[in-house]
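Trainee: Before we start, here is the structure in question, set down as structure tokens.
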Amino acid sequence: MIAAFESEHQVLGPWSLETSKRFWEGFSPSALAASGAPDEIRATFLSDTDWTRVDAVVTQGEGTVRIAVAGPGDLRAATHQVRRFLSLDIDGRAWPAVGDRDPVIGDAQHRLPGFRPCGFYSPYEAAAWAVLSQRVRITQASSLKADLVEAHGDDGAFPAPSVLLGLDLGLPGRKNEYLHAVAEAASAGLLSGAYLRGLDSDDALRQVRSITGLGPFASELVVIRGANFPDVLPQNERRLEEEIARLYGPGRTSGETADAWRPFSAWAGVHLRALRELRMGEFAG
């Protein structure tokens, strides 16, 4: 039976629905469909609590967010998931101070006003993307994902782990094996946002790295972009390191700049990557 639930939540710190929506609609790994009014986000996703389909409508108030969800499962958990995948469960009141300490981040905040990291609905979907995108162009991986959702998803929602486990997609190399390992981990509760965010970030990274097929880069993607940890510094993000060297000077690394970014090192890194994408269009190629 389909039920509905609406709730309103305080947003601590800056947030712009418009800026986040604009970024997400161009984020090829998990692009938000361009639909609904300009002042709302409409999303269809898979709950990582009970693996049911959820439809959500998100609107912004004065220092608040209103979330309306509908589906057959646990809608309070789905609401928490919406807040998590939009980074609205984070107290961001200290985020502007990072820009005060670091002019590069201050410029990024100015150019992306109110942006908070978003994109993947869950660590499970981020992990599946990490497998699908191994050794192929982003456009190819996006097509693979779209075909997977179309053929085996639930009316726009990503396939549940139980469905993914039963598929043989004929993918090259060990990708089928790796997708099955991701599905098994998700079925065991190891790739839910609530579970991973309940761990220390180092433990969360170790947990994800223990899944067959997910190496250091993929594990960081799952933890930083799937679970939306705010203060995890990527160690295996070549494009971020290139951007830091370009903006801070040749030879500079994330390890030398990140002290000024805490406790929002992940947010700072995502801002720099988002601006690089606007400049270079890497997610589109």
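Trainee: If a residue counts only when it is among the aliphatic types (A, V, I, L, M), which helices (runs of 4 or more DSSP H) contained entirely in the stretch 186-247 have at least 3 such residues?
Mentor: 201-209
Trainee: Let me ask you something else. Inside the stretch 248-271, can you point out the residues that are in a helix (DSSP H, G or I) and among the small types (Gly, Ala, Ser)?
Mentor: Selection gives 254, 255, 258, 260, 265, 266, 268, 269.
Trainee: Which members of the stretch 109-139 meet the condition of being surrounded by fewer than 19 Cβ atoms within 10 Å (Cβ to Cβ) and either acidic (Asp, Glu) or within 21 Å of residue 244 (Cβ to Cβ) (or both)?
Mentor: Once the filter is applied, which keeps residues that are surrounded by fewer than 19 Cβ atoms within 10 Å (Cβ to Cβ) and either acidic (Asp, Glu) or within 21 Å of residue 244 (Cβ to Cβ) (or both), the stretch 109-139 yields 110, 111.
Trainee: Being touching a strand residue (DSSP E or B) at 6+ places or on another chain (Cβ under 9 Å) and either of a type in the set (Asp, Glu) or within 24 Å of residue 274 (Cβ to Cβ) (or both) is true for just one of 154, 168. Which residue is that?
Mentor: One residue alone meets the criteria, 154.
Trainee: Inside the stretch 160-190, can you point out the residues that are more than 13 Å from residue 48 (Cβ to Cβ), free of Cβ contacts under 8 Å to residues at least 24 places away in the same chain and crowded, with 18+ Cβ neighbours inside 10 Å?
Mentor: 180
Residue-by-condition table, conditions (1) crowded, with 20+ Cβ neighbours inside 10 Å; (2) more than 27 Å from residue 127 (Cβ to Cβ); (3) of a type in the set (D, E, K, R); (4) free of Cβ contacts under 8 Å to residues at least 60 places away in the same chain:
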residue: 37; (1), (2), (3), (4): no, yes, no, yes
residue: 53; (1), (2), (3), (4): yes, no, yes, no
residue: 64; (1), (2), (3), (4): no, yes, no, yes
residue: 71; (1), (2), (3), (4): yes, no, no, no
residue: 74; (1), (2), (3), (4): no, no, yes, yes
residue: 98; (1), (2), (3), (4): yes, yes, no, no
residue: 107; (1), (2), (3), (4): no, yes, yes, yes
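Trainee: How about the stretch 249-279: which of its residues are hydroxyl-bearing (Ser, Thr, Tyr) and either at pLDDT below 95 or surrounded by fewer than 16 Cβ atoms within 10 Å (Cβ to Cβ) (or both)?
Mentor: 253, 254, 257
The values are calculated or read from the model by the stated rules, or taken from the named source; none is laboratory data. Note that the coordinates shown come from a computational prediction; the quantities given were computed from them, not determined experimentally. Using ideal geometry, Cβ is built from the backbone for each residue, glycine included, and neighbour counts are taken over all protein chains shown.
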